[in-house]
Amino acid sequence: MCIVYLAAFLFSLTSEQCSSKLIEDSSQSFMERMHSGKTSFIYFGNHVNPTIKLFVEQLVMSADALQDYGISVVKVNCSKDAIANYCTGEKLMTRAYLFRGSEVLRSFDIDTVFDVNAIVSHVLFSVLFNEVRYVHTPAELLRVESTAKQNSDIVVGHIPVLGLPEHRALMEAAFVYGTKYQFVQTTGTLVLKHMGVVDPSSSQARLWFLHCKGVSRRSDPCPSTPMRKTLNTINIHTFLQLMEAPLVTESVLDPSEVDVVHMHLGVPVLYLFSQPQTQHLDRATAQTLALQLRGEVGVVLIHRDSPNVKAALKYNAAYRLPQEDVTYFTLNSAEGVVKLFKEELLQEHKLEDEEEDEEHWSDLDILDDEVSESVYRDRDLMLDLESVIELTSDTFQTTVTQNEITVVLFYFKWDAVCMAFIQSYIEVADALEGMNGVKLAAVNCGEWTDICSDQNVTSFPTVLIYRPMAEAQLYRGMLGTKCLHGFILLSLVSSPYLLSSSAEVMSFLEGDLYSKHMYLTPVRVLGLFSSTHDMGVTPFEEAARLLRGETILGLFAHKEAEQWVEGLSVNLPALLVSRGPGVPHEVYSLPSSSPTDLVSLIKQVELDRFPELTVENLPWYLELGKPLLLLFIGKEDSTESTKALAEIKRPLSSGQLDSFLPCWIHLGRTPVGRSILEKYLGFVPPLPVLVMSRLKTGEEVFLFPPERPLMAKNILQWIHDVQSGHEQPAGLIPDGKWGPPVPFFDFLAIMDQEAPTYAAQRAPKMKTGGREDHREQKHVTQNQRQTPHPSPNPQAPRQHSEL
């Protein structure tokens with residue numbers, strides 16, 4: 001699996017826009033909230049450490065979503081305001097609570113509410129607990145049906161895994177339509193069999209509409225209609241609108257003039273012509289077809305004897321696909337028209353809508369990540385580019401020079417990775433909208449090849465950051481909302497901070513100078529020099545420029561700098577690293593080096609000695625080239641996990657593991673870790689589990705014996721046995737490299753060759769940049785993984801995994 005591009009789907013990100021919706025309560029405001037009677041989702045903590053950082057970010061995002069449902073999202077800082085019963089105990093920082101007034105409706109382990117979708121779905125399900133029925137068996141569902149008959153219709157949702165986007169979509173629909181329909185949720189396979197699903201083991205989320213309101217006799221079953229589209233908010237809304245529409249509409253107008261709700265919802269319409277002498281039979285036929293095509297096709301019965309009907313008498317039926325004209329045909333049987341729609345027209349229309357995208361997918365089929373699947377799933381969604389400036393040859397130079405920071409995305413419309421990333425890009429633009437000095441823009445390189453060639457962009461997507469009177473900076477982070485948003489915010493911070501006194505140094509190390517950006521990076525790196533005339537100051541400042549957006553750097557060039565290394569075995573110049581309040585500072589010697597060497601050194605000193613591996617930080621730790629001593633855990637607060645983490649820290653603190661990279665993966669926060677573990681061993685053993693991956697010496701993976709207690713002395717003995725050859729490997733790392741899946745082609749050069757007059761006449765009159773010839777280029781094999789242009793930091797690791 002291509003771990004880089006997968007990251008865009010594993011992680012979501014907080015935004016400046018959402019952060020304003022998160023409420024921070026003091027003791028007094030918390031007590032006032034308890035007496036308000038309102039619903040609040042509250043998290044209690046005393047500081048943000050790396051283990052819960054992701055949850056806090058998702059909490060910020062959920063504030064905006066839950067506000068729409070009248071639910072406040074609140075954070076209480078227990079280090080400032082110790083709330084009785086909630087700011088004490090071992091569960092502090094690992095639980096969140098849903099209140100209605102002073103009543104606790106439910107508490108959640110933060111591993112359960114792991115992202116914004118999980119938070120919204122679980123909170124809404126708890127709020128609607130008395131309204132959304134949860135069933136395990138067909139018998140329970142039948143009891144719900146019996147109660148609903150003659151009263152209301154039922155919406156049944158099968159959610160294989162709670163907390164995912166499908167679960168959120170169902171709960172949001174229940175919140176909106178809960179007074180109109182009875183909502184039912186199930187997760188088991190027994191109900192699937194009852195609903196007629198052939199393969200109940202499928203992990204697909206499903207939805208049915210049970211027409212119980214019109215059932216008069218208790219003994220009669222409720223007819224059901226399945227929703228055949230992906231379970232998301234838009235599709236559920238459309239489906240429920242179709243269920244409200246008349247089963248058959250009768251009209252005396254010509255088919256081209258009939259206006260029914262199905263046309264506005266993007267659903268095909270079938271027209272049947274009725275003769276006065278066969279009207280009763282025609283109605284019955286229309287009802288039969290409408291029942292079979294319900295939710296997919298609207299059915300209209302046209303009275304042929306009306307003078308408004310202009311259709312030729314040789315036809316007895318017609319259909320109209322969305323955005324198309326009416327097509328007439330002769331209907332021979334009901335079975336024939338059902339087959340026509342379900343096997344031919346609906347599929348053909350679907351394929352026609354996708355035809356342009358499908359032409360480029362032959363090479364993308366071999367991309368071994370979820371990007372292509374995501375683009376395919378969301379292919380019908382229209383992207384709202386209002387918050388992103390679309391640049392042309394006329395506007396490019398003006399735009400990138402008039403803002404403090406202009407972020408520009410270079411993309412191709414027919415590229416899967418580009419179209420997956422552009423959705424995250426729009427989210428970042430929406431979050432930063434209104435922020436002074438920052439603009440997000442985009443260039444479609446399929447239309448404006450001259451801009452992309454001039455900027456030396458040859459791979460896609462590429463993001464460049466422009467500042468007046470400075471070289472463009474390449475964004476080389478993860479292709480997702482979280483990383484790009486954080487990068488832009490950090491880019492606004494002065495780099496390096498110029499400090500003039502020891503008091504300012506202390507304020508910098510404690511984070512007071514940039515408290516509003518502290519959540520973006522807990523690590524501060526300070527360069528200490530004896531004076532501004534030190535030869536190393538200039539390379540350090542250049543390194544700070546290259547790292548702008550990635551870390552926060554300070555510079556203290558003053559005679560007082562000697563005090564910060566006094567009594568240590570380090571002389572000036574030096575690097576001082578702070579990892580947060582209460583954590584001892586680390587000091588490193590700063591050799592005379594080039595800016596790129598300093599960049600590599602600074603990135604290394606920022607790394608933790610016992611890190612939690614994530615998709616984002618993995619490349620930097622792999623760059624160290626040390627054998628991995630990797631602990632996989634499921635729940636961080638479980639007794640076994642806590643003990644295992646502590647036992648590894650013991651020899652780590654004494655330097656006995658310096659030749660290794662001790663690290664850990666939380667499978668709840670980093671789900672790809674389960675795939676890694678299964679790839680290592682061929683199965684997933686009970687957690688926690690410790691493995692050693694000897695990256696330098698071969699492909700072997702060693703498993704700590706599960707029958708032995710995970711204690712420090714046993715771990716050291718096991719390492720000794722592995723190194724002496726007394727332990728047999730438990731698995732092998734698959735041999736292979738994360739290289740480009742297909743050969744690389746320079747798109748822009750090829751397009752210019754196909755339009756030979758364009759390259760020689762790149763003039764204002766050719767504003768389309770070869771647009772007329774890009775239809776041929778769409779058949780060229782694509783590769784998104786090439787380096788866009790020479791890197792200002794050649795030491796930066798490639799964002800891939802040899803894990």
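Computed from the coordinates by the stated procedures, all read-outs in this text should not be read as laboratory data. Keep in mind it's a predicted model, so treat the numbers as computed, not measured. Here the Cβ positions follow ideal geometry from the backbone for every residue, glycine too, while neighbour counts run over all protein chains shown.
For the residue pairs 339/413; 559/603; 314/342; 229/310; 80/559, the alpha carbons lie more than 31 Å apart in 339/413; 229/310; 80/559. Note on residue 100 and residue 265: with the Förster distance fixed at 30 Å, the Cβ-Cβ geometry gives a FRET efficiency of about 0.25. Using the alpha-carbon positions of segment 226-326, Rg (one decimal) and Dmax (whole number) come out as 14.0, 45 Å. Residue by residue, segment 598-605 carries 3J(HN,Hα) couplings of 5, 4, 4, 5, 4, 4, 6, 5 Hz when phi is fed to the Karplus relation 6.51 cos²θ - 1.76 cosθ + 1.60 (θ = phi - 60°); x denotes Gly or Pro.
In this structure the amide hydrogen of residue 215, modeled in the peptide plane, comes within under 5 Å of the amide hydrogens of 150, none closer than 5 places in sequence on its chain.
Rg and Dmax of segment 119-167, both derived from C-alpha coordinates alone, stand at 12.1, 35 Å. The residues 124, 105, 490, when put in order of fewest to most other Cβ atoms within 10 Å, stand as 105, 490, 124.
Residues whose amide H lies under 5 Å from that of residue 497, counting only those 5 or more places away or on a different chain, are 553, 554, 555; hydrogens are built 1.01 Å from N in the peptide plane. Amide H contacts of residue 38: 101, each under 5 Å away and 5 or more positions distant or on a separate chain (H built 1.01 Å from N in the peptide plane; Pro and chain starts excluded). Each Cα pair of segment 565-631 feeds into the Kirkwood radius, which the Stokes-Einstein equation turns, at 4 °C and 1.567 mPa s, into a diffusion coefficient of 94 µm²/s. Taking label points 7 Å from Cα along the Cα-to-Cβ direction, residue 129 and residue 638 give a separation of 2.6 nm. Ratio of Rg to Rh for segment 128-242: 0.93 [Cα atoms; Kirkwood radius as inverse mean 1/r over pairs].
Using a ≥ b ≥ c from the Cα gyration tensor of segment 494-606 (square roots of the eigenvalues), is it rounded, prolate or oblate, where a/c under 1.5 gives rounded and otherwise the larger of a/b and b/c decides, a/b for prolate? Cα axes put segment 494-606 in the rounded bin.
Apply the Karplus parameterisation 6.51 cos²θ - 1.76 cosθ + 1.60, with θ equal to phi minus 60°, to every residue of segment 547-562 and state each ³J(HN,Hα) to the nearest whole Hz, in sequence, with x for glycine and proline. These are the phi-based 3J(HN,Hα) values: 9, 4, x, 9, 8, 10, 10, x, 10, 10, 10, 7, 5, 6, 4, 4 Hz.
Size descriptors for segment 618-732 (Cα atoms only): Rg and Dmax, in that order, 13.2, 35 Å. The local environment of residue 540, defined by Cβ-Cβ distances under 12 Å, has a net charge of -3 under the rule Lys, Arg +1 and Asp, Glu -1.
Karplus-based coupling profile of segment 33-43, in residue order and whole Hz: 5, 4, 9, 7, x, 8, 8, 9, 9, 10, 10, with θ = phi - 60° in 6.51 cos²θ - 1.76 cosθ + 1.60 and x standing for Gly or Pro.
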